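The values are calculated or read from the model by the stated rules, or taken from the named source; none is laboratory data. Keep in mind it's a predicted model, so treat the numbers as computed, not measured. Because the Cβ atoms are built from the backbone with ideal geometry, glycine has one as well, and the counts that use them run over all protein chains shown. Keep in mind that these areas ignore ligands, DNA and RNA; they rest on the heavy atoms of the full protein, side chains included. Shrake-Rupley method; radii C 1.70, N 1.55, O 1.52, S 1.80 Å.
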Amino acid sequence: MPTVSQLWTAPDAGEPMESHDTLDAVADSGLRGDRYFTGTGHYAPYDVCQVTLVSREALTHIREAFDIDLLDGRHRRNVVVDGVDVGELLDTQFRIGDAVFEGTRRRPPCAHVEKIADEAGVARALGDERGGICADVVESGAIAVDDDLTVVERLDDPDSLADAIRDRAGER
């Protein structure tokens, strides 16, 4: 079962990431205390992700293939998960702890992450879909390190979509 191995926020654009054991996810806003929650992220308000996720396996690959260790938070992602390719969470709703998220799009690396990480090659290492994904908070709740990540619903499944439409129309 996929689990959360690390949680990170940065209080303001360009500030170092801070590690947490628990965080509050707030619907339609993000993670309390994070730069994008407060609107002070580097890309606010133009290219905002409420929450970003990256897989621990991708970070391990980067360490082994590029000799760059990003497990100290320099990846600039909020949630590190173990046991799942986060790309599989796109177009799904998933639960971590008490909160529900929806995977919305990939989060490719940029020159800014390399500048903040202060190490050449970080953006290239996070390339090839290792940079993680963006997710919206659908239901508020507390999340914590070691919480399980479970898929609630696949939004791109035609049968699920048809069932949801029937439910809303009262046909079931």
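Quick notes on this structure:
- Test: residue in region 39-47 that is within 12 Å of the chain's Cα centre (by Cα) and either modelled with pLDDT of 95 or more or aliphatic (A, V, I, L, M) (or both): no
- Search result, residues across region 6-32 that are part of a loop (DSSP other than H, G, I, E, B) and among the aliphatic types (A, V, I, L, M): A10, A13, M17, A27
- Just one of (1) outside any strand (DSSP E or B); (2) open to solvent by 20 Å² or more (accessible area, probe 1.4 Å) fails for G87. It is (2).
- Failed criterion for R77 (all others in (1) under 18 Å from M1 (Cα atoms); (2) out of contact with any Lys or Arg (no Cβ under 6 Å at 6 or more places or on another chain); (3) in contact (Cβ under 8 Å) with a residue 40 or more places away in the chain hold): (1)
- Taken over region 6-17, the residue count meeting the criterion of being at pLDDT 95 or above and open to solvent by 30 Å² or more (accessible area, probe 1.4 Å) is 1.
- Output for region 71-84, where each listed residue is in a loop (DSSP other than H, G, I, E, B) and open to solvent by 40 Å² or more (accessible area, probe 1.4 Å): D72, R74, G83
- Residue within region 37-53 that is in contact (Cβ under 8 Å) with a residue 40 or more places away in the chain, aromatic (F, W, Y) and surrounded by 18 or more Cβ atoms within 10 Å (Cβ to Cβ) present: no
- Flag if T92 is among the β-branched types (V, I, T), modelled with pLDDT of 90 or more and open to solvent by 20 Å² or more (accessible area, probe 1.4 Å): no
- Of all the residues in region 140-153, those that are exposed (fewer than 15 other Cβ atoms within 10 Å of the Cβ) and touching an Asp or Glu at 6+ places or on another chain (Cβ under 8 Å) number 2.
- Flag for A135 being closer than 18 Å to T9 by Cα, open to solvent by less than 30 Å² (accessible area, probe 1.4 Å) and modelled with pLDDT under 80: no
- The residues on offer are E18, E64, and the sole one that is touching a strand residue (DSSP E or B) at 6+ places or on another chain (Cβ under 7 Å) and more than 28 Å from V152 (Cβ to Cβ) is E18.
- Some residue of region 102-112 being modelled with pLDDT of 95 or more, in a loop (DSSP other than H, G, I, E, B) and under 16 Å from the mean Cα position of the chain (by Cα): no
- Qualifying residue in region 55-70 (condition: assigned to a loop (DSSP other than H, G, I, E, B), modelled with pLDDT under 95, over 17 Å from V137 (Cβ atoms) and open to solvent by 50 Å² or more (accessible area, probe 1.4 Å)): yes
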